[in-house]
Structure formats: structure tokens, C-alpha cells
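Read the structure below first, then the notes.
Throughout, read-outs are computed from the coordinates displayed, never taken from laboratory work. A quick note: this is a predicted structure, and the numbers were derived from the prediction, not measured. Here the Cβ is made from the backbone with ideal geometry for all residues, glycine too, and neighbour counts use every protein chain on show.
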């Protein structure tokens, strides 16, 4: 009986959050090595299906870097990166498009359906969701030297109409971060940046980054120094003092861009914690770091 009562108490704790976020859009970015772990992926997708069932409007933006690298190697191409960005020639962008949309995206949608949810595949390119241009990139050691990354793009504009329509049909949009250029080119878009721009275009209630760390910490790697909530001014100071560096920077910058563009809150949480999405959104304390304006 006590176990059943404790379960009821959890539901009661979640009730005000379910009421508050009903019909609200929440954009979730999922990628990295965690996507290779079936248990983690299934838990994430179960959380997202639950969110939709209680009336929220989750939107999933996914990566797929490891899968792309594996497909490149099968094709006899060695992946090359510059400043953390994949150098993407014409042959590579074809592999990127095929892998992200035809393989990774379709598998996520299939998994959601097996759980009992309803989902729809979206290609940022084919569905004309993400209008992009070629990303200009300069050498960190020689700022005047521009490096040609090929078909690596940056978001120019997001057309949210189709995403809203799918959400309005009680389905979960699953978006491959590909962009289309004005001359019909296909661009590979950083999934963190795509998620931020999509959340901004939708005026989402929340943007959540699922990562392999607990959140933003004053002393990196020391979980007792996790910052549960921080504003943009404070986080810019942490960037300047190099408390935030490396792979966390693109996520933090995407969070800052999103809240400055109308997203109410952004979150960075640890995907390895079982049901981390639900714990962050539907409990009083949460488990990661929220970034606000």
C-alpha cells in the first residue's frame, strides 16, 4: 500500500506542471553517443510519448554524427573535422542526407510507434522547413583564413507551419536537421543550432538539450557544484572565465540564442539518468540546469 501511495504522490506532484504545460510546445534535441544505446533511446522516446499523451506538444530534433561517420567509412571516405564541424563535400552531403533522414529519422519514428505514440518524419530540406546558407568558418589560429567546409550550413529562416500542423494533429514531429539553399543545395546543419532556431520559430515554452553531463557546473565534473538555474548574463560570465568550454559551448550558445528569441526556458540535462526529461519538467526540483533570460 505504501508503494502505491508513493506512486500517487508522484502523480500529484506532476499535476500542476501537466496543467501548466498543456498545449505548450517543448523542443527536445537528442543526439551524440547516447543514440547508440537502445535502452537510453527507448527511455527518451517513452518520456516524449508521455509528454504528448498528457497534452504537451513535443518536437524532437535529432543528430546522427556517429551513424554518418560509419556510413562514410563504408563508402571509403574518412571523416574530416575542422573546429568540431564535419567537412562536407558533395559525396558526403549525399551520405549525410541518406543517413540522417532515411535511416536515423525513420528508425526513431518507428520506435515511437512501437511504444504506442504517433510520430511524423520531417526533413528540414525536403519539407522546406529549414532555409539555410553556406556557413562561413575561419581558422582559430589565423582568423583571416577562411576554411571551406563544403555543404555545412547555418539557418537563415525556419518555416514552422508544417511542424505546428503535425503538433495540432496530436503527433510528434521528428526532424532531421538538414537545410535547403536558394539554389537547391542541401546543407548539413548542426543539430544544436537547428533545435534552437526551430524552438525560436515556434515560440516554444521550453528547449531541452539531452547531453552526457548533468548540466552547467561551477567546477567542471563536480556534480555538487551543479547550477540548477542561471540567467543569460551570468552564463556569459562563465563563458568569459572559461568555466564553460569545449562541447558545452554550442549547447549553451544555442540556449542563449533561443531565450533571446522568445523561448521561455532552456534546459541542459543528463540523458543517462532514466526518464530525465520527465524529472526535469514534472518535478519541483528538476535535475539539470535551466537557462533563462
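Compared with the direct C-alpha span, the chain from residue 70 to residue 293 gains 76.4 nm at full extension, assuming 0.36 nm per residue.
Once a ≥ b ≥ c are taken as the square roots of the eigenvalues of the Cα gyration tensor of the range 173-257, is the result rounded (a/c under 1.5), prolate (a/b larger than b/c) or oblate (a/b not larger than b/c)? Prolate shape, in that a/c is at least 1.5 and a/b is the bigger ratio. Comparing 226, 45, 108 in a Gaussian network model of the chain (Cα springs below 10 Å), the most mobile by mean-square fluctuation is 226.
Pairs of alpha carbons in the range 132-172 separated by more than 11 Å make up 71% of all such pairs. Sorted ascending by nearby beta carbons within 10 Å, beginning with the fewest, 149, 11 become 11, 149.
Counting only DSSP beta bridges with both residues in the range 21-292, the antiparallel share comes to about 35 percent.
Answer with a single label: of (i) 18; (ii) 12; (iii) 27, which was calculated as percent of Cα pairs over 34 Å apart from the structure in view? Answer label, from the structure shown: (i).
Using only C-alpha atoms and all pairs of different ones, pull out the Kirkwood radius for the range 101-241 in Å with one decimal. Every distinct Cα pair counted, the radius reaches 17.6 Å. Its Cα gyration tensor gives the range 1-106 an equivalent ellipsoid; the semi-axes, largest first and in whole Å, are 39, 15, 11.
Taking 0.36 nm per residue of separation and subtracting the current Cα-Cα distance, fully stretching the chain between residue 242 and residue 274 would add 8.5 nm.
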